[in-house]
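Here the structure comes first, spelled out in structure tokens, and everything after it is commentary.
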């Protein structure tokens, strides 16, 4: 089973920032407060609180975030039989967890003004031929989130070239391994994707502000 929780941040939610920070371990709070923009602080703290809620639902203790660590590629993990991934962009934050597969998740807000030529080295000729015909740039962000999700699932950071991740609809290939892909946020202004291995049931839930405390 893969469980996905997502949250839409609203302007009025900023008043909860100080209270939310008090819930987190001190090392997380210090890192979050290094962000200059309140919006970035909110996205980061919401992501951690969603993860905390999901882990508690799985039966872990309330202080589970104290066990949060980063590996040598800066991929977060717990010393538990569970994998997780967090992503945020614009007003959305999404977190996915699973006890049966490695996974990666990504969400990006669509910006039609983006210059495709600045990113063409990330795609192969087939992908570029499709992307360049899309005026609204939604296909570009669809490919981007799919490749980013796979990259985060593999977890080797900058050691993975996006151009080496081959996308064919809902399947991605990197070297000799295949990943399933699925869009997860039903919003026309965003593109999102989760990458995972095997056939898995996926459960999605949109959270409210009251779910995070």
Exercise for review: Inspect the stretch 13-32 for any residue being buried (at least 20 other Cβ atoms within 10 Å of the Cβ), touching a helix residue (DSSP H, G or I) at 6+ places or on another chain (Cβ under 6 Å), under 22 Å from residue 193 (Cα atoms) and modelled with pLDDT of 95 or more and give the result as yes or no.
Suggested key: no
**Study point:** Condition broken by residue 38, with the remaining ones in (1) touching a helix residue (DSSP H, G or I) at 6+ places or on another chain (Cβ under 8 Å); (2) surrounded by 14 or more Cβ atoms within 10 Å (Cβ to Cβ); (3) within 22 Å of residue 210 (Cβ to Cβ) satisfied
**Key:** (2)
Revision key, fill the gap. Filtering the stretch 53-67 down to residues that are within 30 Å of residue 12 (Cβ to Cβ), without any contact (Cβ under 8 Å) to a residue 40 or more places away in the chain and surrounded by 15 or more Cβ atoms within 10 Å (Cβ to Cβ) yields 64
Practice item. Looking only at the stretch 48-67, count how many residues are farther than 16 Å from residue 99 by Cβ and assigned to a loop (DSSP other than H, G, I, E, B). Key: 3
Review point. Which residues, counting only those in the stretch 1-35, are touching a residue at least 12 places away in the same chain (Cβ under 8 Å), under 13 Å from residue 45 (Cβ atoms) and assigned to a loop (DSSP other than H, G, I, E, B)?
Key: 9, 24, 25, 33
Practice item. Please go through the stretch 142-165 and pick out each residue that is in contact with a helix residue (DSSP H, G or I) (Cβ under 7 Å, 6 or more places away or on another chain) and free of Cβ contacts under 8 Å to residues at least 24 places away in the same chain. Key: 160, 165
Practice item. Mind listing whichever residues of the stretch 189-213 are in contact (Cβ under 8 Å) with a residue 24 or more places away in the chain, over 30 Å from residue 18 (Cβ atoms) and not in a strand (DSSP E or B)? Key: 197, 198, 200, 201
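Tell me which residues, restricted to the stretch 157-181, are assigned to a loop (DSSP other than H, G, I, E, B) and surrounded by fewer than 12 Cβ atoms within 10 Å (Cβ to Cβ). Give the steps one after another, and end with the answer.
The first filter runs over the stretch 157-181 and keeps only residues assigned to a loop (DSSP other than H, G, I, E, B), leaving 160-161, 169-170, 175-176.
Once the filter is applied, which keeps residues that are assigned to a loop (DSSP other than H, G, I, E, B) and surrounded by fewer than 12 Cβ atoms within 10 Å (Cβ to Cβ), the stretch 157-181 yields 169, 175, 176.
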Practice item. Hey, could you check the stretch 85-99 for residues that are over 9 Å from the mean Cα position of the chain (by Cα) and closer than 16 Å to residue 57 by Cα and say which is surrounded by the most Cβ atoms within 10 Å (Cβ to Cβ)? Key: 97
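For residue 184, are the conditions met, namely being at pLDDT below 95, within 18 Å of the chain's Cα centre (by Cα) and either under 21 Å from residue 44 (Cα atoms) or not in a helix (DSSP H, G or I) (or both)? Spell out the reasoning first.
Details: at pLDDT below 95: yes; within 18 Å of the chain's Cα centre (by Cα): yes; either under 21 Å from residue 44 (Cα atoms) or not in a helix (DSSP H, G or I) (or both): yes.
So residue 184 fits the description; yes.
The values are calculated or read from the model by the stated rules, or taken from the named source; none is laboratory data. Given the structure is predicted, the values throughout are model-derived calculations rather than measurements. All Cβ positions, even for glycine, are placed from backbone atoms using ideal geometry, and neighbour counts span all protein chains on display.
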